[in-house]
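Report on the structure given below.
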Amino acid sequence: MTAVASRTGQPAVPSLAARARDVLAFEWVKLRSARSNYVTLLIAAVVTIAVTALVAHTFASTRASLPGGANTALATSFLGYAEYGVIPVSVLAVLQFTSEYTTGLIRTTFCAVPRRWAVLAGKAAVTGGAALVAGEVLAFICFFLTQAMLSGRHRGVSLAQPGVPGAVLAAGFVLCACALTALGLGAIIRRTPGAITAALAAIYGLAALCLVLPAPWKYDVGRFTMPFAAFQVVAMHPQPGLLSPALSMLVLVAWPAAALLAAGLVISSRDA
Amino acid sequence: MIELNALTKRFGPVTAVDELSFTVRPGRVTGFLGPNGAGKTTTMRLILGLDVPTSGTALVGGRRYRQLIRPLRQVGSLLDATAVHGARTAYDHLLSVAVSNGIRRGRVREVLELAGLESVAAKRIGGFSLGMKHRLGIAAALLGEPPVLMFDEPVNGLDADGVRWVRQLLRQLAADGHTVLVSSHLMTEMALTADHLIVIGRGKLLADAPTQSLTRSSARADVLVRSPRASELAGLLTGRGAGVTPEHDGGLAVTGMDAPAIADLAAAHGIAVHELVPRRPSLEQAYLDLTAESTEYRAATTVAGAEAGS
């Protein structure tokens, strides 16, 4: 859209890029101006790093050499991360919509930006971006921390090894994928308790359920859940019976994509 | 300018807004009146594109709200002053709204000053009183310097000072050429503020007229006459085709004849008149008459003596 000054004395129509900037700035100011968001991210960071260090310590002091040592050493970096970092970040993502719905602020948001897909895109970009940055920073911190603890015992892996940088980057992305799934569910459900429950069920609950299924189904169904897929993309020696790392990555993209698509359809047709 | 054309909104079996058509013009304060549940808020939500109409259209400056680019520069609105995130400071709240529509940051300070909130700009909204939240909401509505402004019950819950501030602000905005639509369920408030009134009940339009003419058009206008020879005078009046209703205290409520005609008639027959008062019903009464049929939540018993008021 080109900028054309209208004859009625109204301001010139801003370009699509300028309007996209408006929406991103809107969501960014809202994200950075609520203190609870920093507290949540801090909790995520502290808990993740602490648990990762604990796991690595336990692993390092285990004498028996496990088969596929490199695999386990790498995956160890992200155990604390996947188990504990995902929860606070997902809650933060859920709140981006539910806190606006419960306070009524969503009406101010929709008055300011009446195109609801634009609101969703803005929130997804800002929250997803924040989760991605937090995820990558934590992934690298956890990786270096774990490998420093393990290398003293000659059980670590190096970032120079083939496949390792990709695995660490993918681990960082897991946090973003979980956050965007949670964001979409928050928009659909609107109420905080229900949305958190749904997000944790989607992110963890389904996988936990698959673990108790009988043998063939356990992996046949389980490989489409986020934790199984996350394991495949961070493991250097993928487990047979699950999807390949590439297909697992696709699963990690499909979950947030589906959640955001459903959210967009729901909020654009529903009265605010 | 706000234009409604056969605007209708149904929620299941309930018709909240029913074929509503009216135009809100610039340069005056238009009061939007109706009993609770009449559909005022729903109408405003439809205008703002928050709800989708079942049929009909609501246009602001000739366009549907959802089609507006940077809408806060065209329409400023306050629906619910308490709908804010308590963890944010007043400044940050306004800043977020400003950047969403490409409004310059300096404008945030201007509206804070206008609303008298400079001293609490860095304070979290959670600690604000209702009055301060109202000021903040109005400040947000004014951010984009929009030609059209819409406020839903802006004086609800305000103290006398706040009410006066809102009233003066609305009058000033209208004088500056803005289109101002203000909803209220209080006739007395609107009588002081609005130049023009739109009255709805059960989602239907009941009146769309200047505030002044709404009282004049009421059928309740009459003349109170007191005379020591009341019954004799009553006979003469009914003989001339006037309607006469005796009141409890001996007075006569006369319709169909104005005060000079009644005085002349009494004088011609040598009847002394002690009191002769043309009575125009209050706006409140005119409003009650208009909405009596359509009050959604009526009290089980009507207040005794309400009829004799004014």
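We did not get these values from a lab; they are worked out from the coordinates using the rules stated. Keep in mind that what you see is a predicted model, and the values were worked out from it rather than measured. No Cβ is skipped: glycine too gets one built from the backbone with ideal geometry, and neighbour counts run over all protein chains shown.
Observations on the structure shown:
- DSSP-defined beta bridges in the protein assembly as shown - what % are antiparallel, rounded to 5: 65
- Alpha-carbon centroids, segment B:50-125 and segment A:13-39: separation in whole Å: 14
- For B:Gly76, the residues 5 or more places off, or on other chains, whose built amide H falls under 5 Å of its own are B:Val148, B:Leu149, B:Met150.
- Helix B:230-239 axis, angle to chain B major axis (alpha carbon atoms, nearest 10°): 80
- At q = 0.07, 0.12 Å⁻¹, base-10 log of I(q)/I(0) for the protein assembly as shown (Debye sum, equal scatterers on each alpha carbon): -0.58, -1.13
- Note that chain B, at 10 °C in a medium of 1.306 mPa s, gets a Stokes-Einstein diffusion coefficient of 72 µm²/s from its Kirkwood radius over C-alpha pairs.
- A cut-off of 5 Å between modelled amide H atoms, ignoring neighbours fewer than 5 places along the same chain, links B:Lys123 with B:Ala90, B:Tyr91.
- The distance linking segment B:174-203 with segment A:223-272 is 53 Å (Cα centroid to Cα centroid, whole angstrom).
- Whole-number percent relative contact order across chain B, with pairs defined as alpha carbons under 8 Å at least 6 apart: 21
- Square roots of 5 times each gyration tensor eigenvalue, C-alpha, segment B:222-279, largest first, Å: 14, 12, 11
- For B:Arg28, the residues whose amide H sits under 5 Å from its own are B:Val180, ignoring neighbours fewer than 5 places away on the same chain, with H placed 1.01 Å from N.
- Shape class of segment B:84-189 from the Cα gyration tensor (axes a ≥ b ≥ c, square roots of the eigenvalues): oblate, since a/c reaches 1.5 or more and a/b does not exceed b/c.
- Listed residues B:Ile271, A:Thr102, B:Pro260: farthest to the positive end of the dipole of the protein assembly as shown (Cβ charges): A:Thr102
- In terms of its alpha-carbon gyration tensor, segment A:176-258 comes out oblate; a/c meets the 1.5 threshold, while b/c is at least as large as a/b.
- Over 32 Å between alpha carbons, listed pairs A:Lys30/B:Lys40; B:Lys123/B:Lys204; A:Lys30/B:Lys204; B:Lys9/B:Lys123; A:Lys123/B:Lys133: B:Lys123/B:Lys204; A:Lys30/B:Lys204; B:Lys9/B:Lys123
- Phi to ³J(HN,Hα) by Karplus 6.51 cos²θ - 1.76 cosθ + 1.60 over segment B:139-153, Hz, x for Gly, Pro: 4, 5, 5, 8, 3, x, 6, x, x, 10, 10, 9, 10, 9, 6
- Dipole axis of the protein assembly as shown (+1 Lys, Arg; -1 Asp, Glu on Cβ), positive-most option in A:His57, A:Trp217, B:Met44: A:His57
- Within 10 Å of the Cβ of each residue in A:111-120, the mean number of Cβ atoms contributed by other protein chains is 6.
- Acute angle (nearest 10 degrees) that the helix B:160-175 long axis makes with the longest principal axis of chain B, alpha-carbon atoms: 80
- Scanning chain A for long hydrophobic helices, with DSSP H runs required to stretch 18 angstrom or more by C-alpha along their axis and to average at least 0.0 on the Kyte-Doolittle scale, returns A:16-32, A:35-60, A:86-103, A:116-151, A:164-189, A:245-269.
- Computed about its Cα centre, the charge dipole of chain B is approximately 1360 debye, with only Lys, Arg, Asp and Glu carrying charge at their Cβ.
- By the count of neighbouring beta-carbon atoms within 10 Å, fewest first, A:Phe140, B:Phe22 end up ordered A:Phe140, B:Phe22.
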